[in-house]
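Below you'll find the structure, written out as structure tokens, and then a few comments.
The values are calculated or read from the model by the stated rules, or taken from the named source; none is laboratory data. Keep in mind that this is a model prediction, so the values were computed, not measured. FYI the Cβ positions are ideal-geometry reconstructions off the backbone, even for glycines, and counts take in every protein chain you see.
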Amino acid sequence: MSLSRSFQKQKITRRIMSNTLKALLASYGRSVLAGAATLYLAGVTDPLDLLWSLVAAFAPVAIRYINPNDPAFGRLPSADKVATAVKSAKPKKAPVKKTTAKK
């Protein structure tokens, strides 16, 4: 692999990681806001309980990240594995619908 291709690959990887990190932080922010607002509106004003809502808001984001089937945040295979799978994939023809003659 040439130096320029390696640099391009690193640049693309950084951009993807940056977008993924932004999406993860946005999701965490929504979870935090929802959890804290729910507790506050329910009348819980103890700062320690509100702090624990910040910790609890991390759970759904972590679960989505760990799930490999999640298209948004799930762990994905490496680019080399995807490229190999694409090369070995064979296209399938769509079944042809049989039409009946109108009488």
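So if I check each of G35, G43, G29, which one is modelled with pLDDT of 65 or more and on the phi > 0 side of the Ramachandran plot? Residue meeting the stated conditions: G43.
Helices (runs of 4 or more DSSP H) wholly in segment 38-103 with at least 3 residues that are within 18 Å of the chain's Cα centre (by Cα) - which ones?
Numbers: elements: 47-56, 58-66, 79-88.
Answer list for segment 38-103: 58-66.
Among residues of segment 69-93 that are modelled with pLDDT under 80, those with a Cβ under 9 angstrom from a residue that is part of a loop (DSSP other than H, G, I, E, B) and of a type in the set (S, T, N, Q), sequence gap 6+ or separate chain, pair up as F73/N67; G74/N67; R75/N67.
To keep it simple, each residue is scored yes or no on (1) free of Cβ contacts under 8 Å to residues at least 12 places away in the same chain; (2) touching a Lys or Arg at 6+ places or on another chain (Cβ under 6 Å); (3) of a type in the set (S, T, Y).
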| site | (1), (2), (3) |
| --- | --- |
| K22 | yes, no, no |
| L25 | yes, no, no |
| R30 | yes, no, no |
| A42 | yes, no, no |
| L50 | no, no, no |
| S53 | no, no, yes |
| A57 | no, no, no |
| P60 | no, no, no |
| I63 | yes, no, no |
